[in-house]
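Reading through the structure tokens given below for one structure.
What follows is calculated from the coordinates using simple rules that are stated; it is not laboratory data. The structure presented is a predicted model; accordingly, all values stated were derived computationally and were not measured. Every residue, glycine among them, receives a Cβ derived from its backbone with ideal geometry; neighbour counts consider all protein chains shown.
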């Protein structure tokens with residue numbers, strides 16, 4: 001079974017530039033999550049999708065971050081404009097079903113390491 | 001006070017030792033408790049998953065949850081150098097949006 005794929009693996013940008021990350025979840029997984037992991041911290045949820053609908057985006061800084069999951073499969077996360085404090089690893093995870101519906105494991109991709117200069 | 005507290009370490013132990021990793025939490029609504037292992041430059045991978053209070057054993061790993069004390073533990077027996085990684089506790093309350101709340105992670109080093 002192929003895992004969660006993310007690209008690019010690394011990205012370096014200047015502050016105020018824009019950047020986009022892509023995630024391809026495990027085939028058949030209905031639930032997709034984006035987490036932000038700052039160095040030395042645990043991952044923090046940014047947004048959760050159930051199929052192509054947003055379940056929770058309460059911690060997404062909506063003035064600069066946006067995410068979409070077209071057709072309920074792949075997802076993109078965009079930052080525009082980037083700030084220095086956005087430097088982090090952006091992790092995508094997927095699960096067969098949401099935990100609320102009996103799912104029990106979120107599978108994580110390798111992450112995209114973003115450096116904002 | 002953060003919702004989940006975890007000592008970041010590093011914790012260094014000799015090979016073969018029993019390792020104890022712990023987290024405390026403040027939100028009494030948390031019902032599901034997990035331990036993830038994260039190697040450098042990799043995504044977290046699930047090690048143990050428990051619901052409510054009690055113990056769960058899987059091979060060399062044992063997870064304990066004490067909801068009355070809001071305290072969870074992961075024990076690793078017969079530790080191996082390959083166990084060297086960051087261990088993240090995570091939890092979830094259930095009944096809705098289910099993004100996990102993570103601790104900071106404990107960096108574990110097993111010395112050969």
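Taken along its principal axes, the alpha carbon cloud of the protein assembly as shown reaches lengths of 48, 39, 37 Å, longest axis first. Mean partner shielding of peptide B:42-50, defined as the number of other chain Cβ atoms within 10 Å of each residue Cβ, is 5.
Structural size metrics of segment A:31-117, computed from C-alpha coordinates, are Rg and Dmax of 12.8, 42 Å. With Cα atoms defining each centre, segment A:12-27 and segment B:1-79 are spaced 31 Å apart in the structure.
Computed as a quarter of the hull surface, the mean projected area of the alpha carbon convex hull for segment B:5-48 stands at 4.3 nm². Note on B:77, A:16: ascending count of other Cβ atoms within 10 Å places them as A:16, B:77, the fewest first. With both residues required to sit in the protein assembly as shown, DSSP beta bridges show an antiparallel share near 90%. Diagonalising the gyration tensor over the Cα atoms of chain B and scaling each eigenvalue by 5 before taking the square root yields semi-axes of 23, 14, 12 Å, largest first.
Our compactness index for segment B:48-92, the C-alpha radius of gyration over the empirical 2.2 N^0.38 Å, is 1.21.
For a quick protection proxy, order the peptides B:35-43, A:70-78, B:99-107 by their average other-Cβ count within 10 Å, most packed first. If you can, show how the numbers build up before the last one.
Numbers: B:35-43: 17.8, A:70-78: 15.1, B:99-107: 22.9.
Going by the mean number of other Cβ atoms within 10 Å, highest first, we get B:99-107, B:35-43, A:70-78.
Each DSSP beta bridge with both residues in chain A is either parallel or antiparallel, and the antiparallel ones are about 90%. Distance between the pseudo-spin-label points of residue A:52 and residue A:64 (7 Å out from Cα toward the beta carbon): 3.0 nm.
Mean per-residue shielding of peptide B:100-111 is 3, counting Cβ atoms of other chains within 10 Å of each Cβ.
Shielding of peptide A:38-45 by partners, expressed as the average count of other chain Cβ atoms within 10 Å per residue Cβ, is 6.
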